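Single-structure report; data block below.
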Amino acid sequence: MFARISHQTPQPSRRPCQPARWLAFLPLAGLLAACGNSASTINERAPRVGSAETLYNNGVDALRSDRYLLSVNQFDTLQRNYPYSQYTANAQLMEGYANYLLNKYPEAVQQLDRFLELHPTSTDAAYAFYLRALCYYEQVADVQRDQQGTIEAMDALEEVITRFPQSPYARDAQLKIDLCRDHLAGKEMLVGRYYQQQNDFPAAAGRYQRVVQDFQTTNHVPEALERLVEVYLDMGLLEQARKTGSVLAYNYPSSKWYEDAYVHLRAHHLIKGVDGKDNKQGRNIFQRAWHSVF
């Protein structure tokens, strides 16, 4: 059984390819400490097959000294030669972690899936699901590329929250889900801007609308609303443009995107200068407009 160590879950960086690797190490810390001095000296070359305990301790020692490939080899040898050993379950989990540190994410997922299939009720199942989710999260592609990997990462992270809402991994999983959603919204914006540049305004509007409707908590929404104003004006949908500008004004009055939308709307005589009194009276109208634009 792995030792439980309480840590505050770190805030992940805004770049969705830097998960909290130290958090992934939590269930292993006590186990590694317990095996400190019992491991024998390791030969970096292919070792002879020793006992299950020897292989396990060698793998732990290699993991502690950052020799991850050797660690994988030791844990794999243990599993192949002693499939029913008391050390085998932990070896599966720790080999998954070592592969994760080697950036061998498919191999890590395969190992973690094997562990979860054989030990679904393990006390370390929460950690295994979380580490599995991190493997998908690490493979999130740049917004220029296909985002299927981002969707898979979100699914895996949501499974952590659904299965283990009270675990120390749930909060970090939610933070990473939010970053994945922001990433997907960024992809929609990229495609929308491309369509807009190609004068395919209906296609561009569809992308921007999806950002507003499906990714309302991301920081891409103000730009999406402003660009909707632009494409509605280009399509001659003046009332839609005015309503969208109202939504932008109400929700993001200090945004530079509202300033840009204001210029466009005023150029088309769809808006007048708004003083503080008129703005206060119009807030309810703007709030209702959020639901009436789309």
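Side notes on the structure shown:
- Within the stretch 162-177, considering residues that are in a helix (DSSP H, G or I) and open to solvent by 70 Å² or more (accessible area, probe 1.4 Å), the one farthest from Asp124 (Cα to Cα): Gln174
- Just one residue in the set Thr77, Thr150, Thr123 is in a helix (DSSP H, G or I) and under 21 Å from Ala170 (Cα atoms); that residue is Thr150.
- Out of Gly236, Gly245, Gly186, one residue alone is of a type in the set (Gly, Ala, Ser) and within 26 Å of Val140 (Cβ to Cβ). It is Gly186.
- Test: Ala141 is of a type in the set (Gly, Ala, Ser) and assigned to a loop (DSSP other than H, G, I, E, B): yes
- From the options Asp214, Asp200, Asp142, residue that is modelled with pLDDT under 95, surrounded by fewer than 23 Cβ atoms within 10 Å (Cβ to Cβ) and under 20 Å from Thr244 (Cβ atoms): Asp214
- Taking the listed residues Gln209, Gln174, the one that is more than 20 Å from the chain's Cα centre (by Cα) and either under 17 Å from Asp155 (Cβ atoms) or of a type in the set (S, T, N, Q) (or both) is Gln209, with no other qualifying.
- Here the condition is being farther than 28 Å from Glu226 by Cα and open to solvent by 10 Å² or more (accessible area, probe 1.4 Å); of Glu188, Glu159, it holds for Glu159 alone.
For every residue, the table says whether it meets (1) at pLDDT below 95; (2) open to solvent by 20 Å² or more (accessible area, probe 1.4 Å).
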residue	(1), (2)
Thr218	yes, no
Leu225	no, no
Val229	no, no
Leu248	yes, no
Glu259	yes, yes
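- Looking across the stretch 145-154, just one residue is open to solvent by 90 Å² or more (accessible area, probe 1.4 Å) and acidic (Asp, Glu), and that is Asp146.
The values are calculated or read from the model by the stated rules, or taken from the named source; none is laboratory data. None of these values were measured; they are calculated from a predicted model. We place every Cβ from the backbone using ideal geometry, glycine too, and count neighbours over all the protein chains shown. Calculation scope for accessible area: heavy atoms of the full protein, side chains included, ligands and nucleic acids excluded. Shrake-Rupley method; radii C 1.70, N 1.55, O 1.52, S 1.80 Å.
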